């Protein structure tokens, strides 16, 4: 049954009375509701982690495409890059497989590592910055080389033999190719730094 106008107005008044009572209770208890400050105070870590992760994925994509195009130019299997890194999971079998799920797994791991590395670089470069564009690119190149050294000669040289019995990545991937791939990654995240800088939105004040 539909309510009459008087019943609706009476119900509105009851709700308004309830709201006023709650406001009175808040005032008497001394509790205050404060909005979070904007822009956030100090270093906005969450933003730089997320933005750095995105830049890291872009860096992984450019290094991957560079390797694929390089393989095509010399008449090599364009997925050789994925096959070699996939030996960490399947050993020698990865060099002959055509399983699409396998390539997707290796690609996901590749981009995930790139995202984490990009997040670390982006946080560091912005926490200790600001730096000039040339310095950011130089830092990115140095970071890429450091990643190559750490990944290949401090991690994979013992991890892959422990997993599959042999260090296929170090044996099959030429050192200069691996170095160039990581340099392209570092160049990308260094050059794209301005895109990941936090610029808080400030509403235009009326004059």
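Each reported figure results from applying straightforward, stated rules to the coordinates on display, with no laboratory input. Not measured: the values here are computed from a predicted model. No Cβ is skipped: glycine too gets one built from the backbone with ideal geometry, and neighbour counts run over all protein chains shown.
Can you sort 44, 79, 127, 143 by how many other beta carbons sit within 10 Å, fewest first?
Details: 44 15, 79 18, 127 10, 143 24.
Ranking 44, 79, 127, 143 by Cβ neighbours within 10 Å, fewest first, gives 127, 44, 79, 143.
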Degrees between helix 5-29 axis and first principal axis of the chain (Cα, 0 to 90, nearest 10): 70
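What number, rounded to the nearest 500 deg cm²/dmol, is the helix-based mean residue ellipticity at 222 nm of the chain, given -39500 (n - 2.57) per DSSP H run of at least four residues and division by all its residues? Kindly include the intermediate steps, with their values, before the conclusion.
Working: 8 runs with 140 residues, N = 207.
Theoretical 222 nm ellipticity from helices: -23000 deg cm²/dmol.
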For the stretch 140-207, diffusion coefficient by Stokes-Einstein and Kirkwood Rh (Cα), 25 °C, 0.890 mPa s, µm²/s: 169
Estimated distance in nm for a label pair at residue 158 and residue 172, the labels positioned 7 Å out from Cα along Cα-to-Cβ: 2.4
Where labels lie 7 Å past Cα in the beta-carbon direction, separation of residue 112 and residue 142 in nm: 3.1
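Between residue 10 and residue 36, take the C-beta separation as r, use R0 = 25 Å, and let me know the FRET efficiency to the nearest 0.05. The partial results should precede the final answer.
Details: r = 38 Å, r/R0 = 1.53.
Approximately 0.05, to the nearest 0.05.
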C-alpha long axis of helix 100-127 to longest principal axis of the chain, angle in °: 70
Stretchable slack from residue 105 to residue 49, in nm (0.36 nm times residue separation minus alpha-carbon distance): 17.8 nm
Simple label model, 7 Å out from Cα along Cβ direction - residue 76 to residue 149, nm: 2.4
Extension reserve of the residue 23-residue 128 stretch, reckoned as 0.36 nm per residue once the Cα distance is removed: 33.2 nm
Listed values [x] 16.8; [y] 17.8; [z] 21.2, entry calculated as Kirkwood radius over Cα pairs in Å: [z]
With Cα atoms, 0 to 90° folded angle of helix 80-90 axis to the chain main axis: 80
Fluctuation leader among 47, 128, 102 - the chain, Gaussian network, Cα springs under 10 angstrom: 128
